[in-house]
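Beneath this line is the structure, given in structure tokens, with notes to follow.
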Amino acid sequence: MNKLRWLIAGFLLIHSIHFQVLAEDSDGVVRVKSMHSVATSVDKLESALSAKGMTIFKRISHSDGAAKAGLELRPTKLVIFGNPVVGTPLMQCGQLAGLDLPQKALIYEDEAGVVWFAYNDPKYIVQRHNITGCDDVIDKIATALHNFAGAATR
């Protein structure tokens, strides 16, 4: 029984580290590999957002827009979402953060057929707009985005 606990703990740790490694990037965009199709990932994201009381402002299908223009684009959807209770404190720290709000998640299929969930790293937004004294708000937003990405991709 004790070995089973260690095995499960090890699996969970490796899974957690794997998720974090895929999510790190230095260009201000967090990318998380999804185990689902674009459509399923979007549905799972919207379900998680609704469960947390977030407003889903819009779902945009870039690939549908491309098709209407006679162009081809792999499945690519943008979900725009937010909540003033979360976003307003960030703008109180630095109003230009409003350029990056509401939050956006881009879920797309790459040239290899891999589905990705991408979003702006809140820490990058802080750097971009030279925001200071707002660490608690940023941590809260980063945690929420991380959790939404996990809900959509696992």
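Tabulated data for the structure shown
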quantity	calculated
Residue in the stretch 22-34 that is at pLDDT 95 or above and surrounded by fewer than 11 Cβ atoms within 10 Å (Cβ to Cβ) present	no
Checking Thr132 against (1) over 24 Å from Lys52 (Cα atoms); (2) surrounded by 18 or more Cβ atoms within 10 Å (Cβ to Cβ), the condition it does not meet	(2)
Of all residues making up the stretch 44-68, the number that are loosely packed, with under 15 Cβ neighbours inside 10 Å, part of a helix (DSSP H, G or I) and of a type outside the set (A, V, I, L, M, F, W, C)	5
Some residue of the stretch 121-136 being part of a loop (DSSP other than H, G, I, E, B), small (Gly, Ala, Ser) and in contact (Cβ under 8 Å) with a residue 24 or more places away in the chain	yes
Among the residues listed as Ala48, Ala9, Ala39, Ala66, the single one being modelled with pLDDT under 95 and among the small types (Gly, Ala, Ser)	Ala9
Checklist (1) of a type outside the set (D, E, K, R); (2) at pLDDT 95 or above; (3) surrounded by 13 or more Cβ atoms within 10 Å (Cβ to Cβ); (4) outside any strand (DSSP E or B) applied to Phe81, failing item	(4)
Matching residues, the stretch 69-78, being surrounded by fewer than 15 Cβ atoms within 10 Å (Cβ to Cβ) and hydrophobic (A, V, I, L, M, F, W, C)	Ala69, Leu71
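The values are calculated or read from the model by the stated rules, or taken from the named source; none is laboratory data. Model, not experiment: these values are computed from the prediction. Methodologically, a virtual Cβ is constructed for each residue, glycine included, from the backbone with ideal geometry; neighbour enumeration extends over all protein chains shown.
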